Structure formats: C-alpha cells, structure tokens
Amino acid sequence: MKNNQSIVTNLPSPSFVCEEQLLLNNLKLLKRVQDEADVNILLALKGFSLKSSFDLCRKYLKGCCASGLNEALLAYEEFKGEVHTYSPAFKPNEFPKISEISNHIVFNSFAQLDLYKDSVQPHNSLGLRINPEYSSVEVDLYNPCGVYSRLGITKEEFLKGITNYPDALSMISGFHFHALCEQNFDVLEAVFTKFEANFSEYFKNLHWLNFGGGHHITRKDYDVDGLITFLKGIREKYPHLKIYLEPGEAVGWQTGYLEATVLDIVHNGIDIAILDASAECHMPDTLAMPYKAEIRGASKDPSEKKYSYRFGGNTCLAGDIIGDYSFDQPIKIGDKIIFEDMIHYTMVKTTTFNGINLPSIVIKRIDGTFEVITNFGYEDFKSRI
Ligand SMILES: *Cc1c(COP(=O)(O)O)cnc(C)c1O
C-alpha cells in the first residue's frame with residue numbers, strides 16, 4: 001500500500017481489525033515452544049481477550065491466566081481450557097466463584113493464602129507469587145519488580161512468611177513470578193538464575209513453576225531456539241516440575257490494526273487532523289508508555305516527507321494527541337488512517353471517556369473476508385456509570 005489515500009474500506013469507523021492469519025502464525029510459534037520444550041503456554045487475558053478468536057487460540061494454547069473473577073469467568077466460559085488465577089488481593093465475595101472455576105490459584109502474600117486456605121477446593125492447585133528482585137524493565141509503569149513493587153513476595157518476606165505461617169509451604173504446589181515486559185529470553189535466564197539461587201531449596205515439594213508473561217516470543221528478533229534450549233534444561237534439572245509461561249502480548253503481537261477516519265483538518269501553526277479515534281480512549285499506551293504508533297504509509301518523523309500533520313482525537317482533552325507524522329501526499333477529510341499493531345493491550349484498555357464510542361471489533365478471517373463482530377454505541381457509554 002503506497003499511502004493512506006489508496007485505502008478504501010467500508011468497515012465501521014473506527015475499527016480494530018484483527019487478522020486471523022497473523023494470530024495463527026503467532027499461535028503456531030508458541031505451540032512449537034510448548035511442544036519442543038515440553039512446557040505449557042497460557043494466554044494472559046490482560047493483554048489480549050478477543051473472545052471471538054478463542055476457538056482458534058484453544059487449538060494451540062493450554063488455557064488462560066486471569067487476574068481476578070471477571071477474567072477467570074471469561075477464561076472458563078469462553079476459552080474453556082485451564083484457568084490460572086492470580087490477583088494482587090482476592091476479594092472475599094469473589095473468592096468462592098474463583099475457587100470453583102480455577103485450576104491454579106496464585107496468592108500474592110502469605111496472609112492471603114492464610115485467609116483463603118479453608119475456602120479452596122480439592123481441584124485447586126495453590127501457588128505463591130515470588131518477587132525475584134531482578135528486573136531490567138525500564139518503564140516503571142510496566143516494571144513488576146521495581147522499587148516498592150506490591151507484586152510478589154521478596155526473599156525477606158518469604159522467610160518471615162514461612163516462620164509466621166508454618167503450614168503454608170505444605171499447602172502450596174507452585175511458585176509464580178512475573179518479572180518481564182517485552183523481553184528476550186536472556187532476561188528470563190537472568191531472572192531465573194536469581195530466583196533459583198534464592199528459592200530452589202523449596203522446589204522439592206512443588207509440582208510446577210510459572211514464569212509469568214513478558215516473553216516477547218513472537219517478535220522477529222526473539223531467540224526462540226535459545227528459549228527452548230533453556231526451558232528444556234530446566235525440565236531436565238527439575239523433572240518433577242511442570243513449567244508454565246503466560247504471555248499476553250506475544251499472542252496478539254502485530255496481529256492487526258486500528259482504522260480511523262479523518263473528520264477535519266484545522267490549522268494552528270501546523271496542520272492538525274482530527275480523527276474519530278482517540279489516543280486517550282482507544283490507544284492509551286501512546287500517552288501512558290508513552291510511545292508513537294506506526295501509521296501505514298507515513299513517516300513517524302514529521303519532517304521526513306513533504307506533508308506533515310499532527311493527529312488528535314475527537315475528545316475535548318487538550319492532550320488527546322496521537323503524534324506528528326509526515327506523508328508524501330496531502331491528507332483529505334474522509335481519508336482512512338491505519339495505526340499498526342493495535343490489538344494487544346489496546347482493545348483491552350479502551351474507555352468511553354467523554355462519550356466517545358468504542359471502536360468496532362472486526363476479524364479478518366483467514367479466507368480474507370472481514371467480519372464485523374461488535375459495534376458499540378450509547379448503551380455501552382451509558383451503562384458504565
Ligand atoms: C501482564 C501479565 C502477564 C502477561 O504479560 P505480557 O507482557 O502481556 O506477556 C502474565 N502474567 C501476569 C501475572 C501478568 O501480570
């Protein structure tokens with residue numbers, strides 16, 4: 001596609017378009033890791049929860065990891081594989097249902113384990129989330145092992161925990177850690193080395209280890225074979241331990257786009273295109289991370305090509321700005337703008353702030369046809385508050 005003017009579509013605008021073939025490619029790669037390394041891969045619903053794709057995902061992945069009741073229900077009712085539920089803190093009114101539908105339950109503290117130990121059911125395999133106290137995630141918002149992190153038990157707290165709750169270790173079957181974000185396997189190796197040094201003395205009574213998410217397995221430069229060799233090594237060293245990985249981003253990575261329409265172009269020192277998509281409502285990580293999304297056919301360098309524009313959303317928030325880009329041809333009202341890689345961590349984070357409609361959900365099927373799965377409207381906005 002040469003530039004944005006050549007895009008003709010009659011999809012609702014804006015729309016998230018998930019391309020099933022790209023998702024399938026990711027799933028096949030994850031399945032290869034699962035099979036060759038003899039590990040279990042779960043989908044982290046936090047990053048990707050497009051339920052209309054679960055019939056496909058279920059053929060390749062073992063189940064889902066959920067962060068509380070609603071995700072656990074989605075996993076149980078829609079995905080129908082294993083349900084692994086971790087929450088920074090479980091709520092008393094939600095725990096009975098969580099324990100009914102979960103295979104694994106991971107607690108964030110000894111106190112939580114103690115609080116719920118009499119409410120768990122025989123089919124629940126219990127674990128503790130460990131803070132391995134090693135991380136190389138640079139953005140604090142996405143660093144589970146940052147200073148004062150509330151996620152996971154540090155070694156110091158663990159030692160206090162096994163003293164204060166003497167029966168705790170006999171109740172658990174696994175350890176969980178989640179310390180990565182968009183990282184390659186060398187970081188997993190470094191985290192595991194630290195984790196193993198501090199906790200392997202407790203491995204002998206366990207049945208599983210869960211290495212969380214953040215493994216960017218489907219990114220082009222990820223060392224997949226290195227990961228497989230590394231995981232096989234752990235399986236050989238601790239053959240009694242099943243290994244779980246629970247990536248979210250790697251499942252939805254580069255599996256589709258957000259298509260928006262130019263509603264107007266205003267001028268104030270620069271040309272500013274107003275879209276029916278919004279940074280704040282539809283692409284919040286462009287503001288939170290922050291990062292600049294790719295636009296098909298455009299340069300992210302506003303001075304590289306002849307015609308440059310700032311893109312802003314249709315909210316009244318001054319900071320609802322997607323970024324400055326340049327194009328070979330001028331943009332016109334009515335043009336479609338395509339933001340690349342907008343499936344993982346975008347659809348799951350949208351809001352109806354300021355009454356802006358949620359983007360429609362579209363799946364591009366493997367045979368090339370587009371299926372509009374859901375449209376949203378006033379009722380979705382109204383029912384939120
Ligand atoms: C966010 C999260 C994941 C998934 O992380 P990705 O970066 O999307 O792979 C897995 N497990 C836990 C506990 C998480 O919080």
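Do we have Val17 as surrounded by 15 or more Cβ atoms within 10 Å (Cβ to Cβ), closer than 30 Å to Glu236 by Cβ and either under 15 Å from the mean Cα position of the chain (by Cα) or in contact (Cβ under 8 Å) with a residue 60 or more places away in the chain (or both) here? When the stated conditions are applied, Val17 does not pass them.
In this structure, is Lys62 in contact with a strand residue (DSSP E or B) (Cβ under 7 Å, 6 or more places away or on another chain), open to solvent by 10 Å² or more (accessible area, probe 1.4 Å) and under 23 Å from Trp253 (Cβ atoms)?
Numbers: in contact with a strand residue (DSSP E or B) (Cβ under 7 Å, 6 or more places away or on another chain): yes; open to solvent by 10 Å² or more (accessible area, probe 1.4 Å): yes; under 23 Å from Trp253 (Cβ atoms): yes.
In short, yes.
Restricting Asp118, Asp114 to residues that are open to solvent by 70 Å² or more (accessible area, probe 1.4 Å) and among the charged types (D, E, K, R) narrows the list to Asp118. The residues on offer are Tyr307, Tyr257, and the sole one that is open to solvent by 60 Å² or more (accessible area, probe 1.4 Å) and either modelled with pLDDT of 95 or more or within 16 Å of the ligand (Cβ to nearest atom) (or both) is Tyr307.
Check whether at least one residue in the stretch 181-188 is over 21 Å from the mean Cα position of the chain (by Cα), within 22 Å of Phe203 (Cβ to Cβ), in the same structural domain as Val106 (by TED's automatic domain parsing) and modelled with pLDDT of 95 or more, and report yes or no.
If we filter the stretch 181-188 for residues that are over 21 Å from the mean Cα position of the chain (by Cα), which is where we start, we get none.
There is no residue in the stretch 181-188 that is over 21 Å from the mean Cα position of the chain (by Cα), within 22 Å of Phe203 (Cβ to Cβ), in the same structural domain as Val106 (by TED's automatic domain parsing) and modelled with pLDDT of 95 or more.
Which residue out of Ile265, Ile243 is surrounded by 15 or more Cβ atoms within 10 Å (Cβ to Cβ) and within 16 Å of the ligand (Cβ to nearest atom)? So that I can check it myself, show each step before the final result.
Numbers: Ile265 fails: within 16 Å of the ligand (Cβ to nearest atom).
Exactly one residue qualifies, and that residue is Ile243.
Residue-level analysis places Glu236 among those that are in the same structural domain as Val137 (by TED's automatic domain parsing) and part of a helix (DSSP H, G or I). Does any residue of the stretch 137-160 turn out to be in contact with a Leu (Cβ under 9 Å, 6 or more places away or on another chain), of a type outside the set (D, E, K, R), modelled with pLDDT of 95 or more and part of a helix (DSSP H, G or I)? Yes, that holds for at least one residue.
The values are calculated or read from the model by the stated rules, or taken from the named source; none is laboratory data. In this text the structure is predicted, and so the values were computed from the model without any measurement. Heads up, the Cβs are rebuilt from the backbone with ideal geometry, glycines too, and the neighbour counts pull from every protein chain shown. SASA here: full protein model, heavy atoms, side chains in, ligands and nucleic acids out. Shrake-Rupley method; radii C 1.70, N 1.55, O 1.52, S 1.80 Å.
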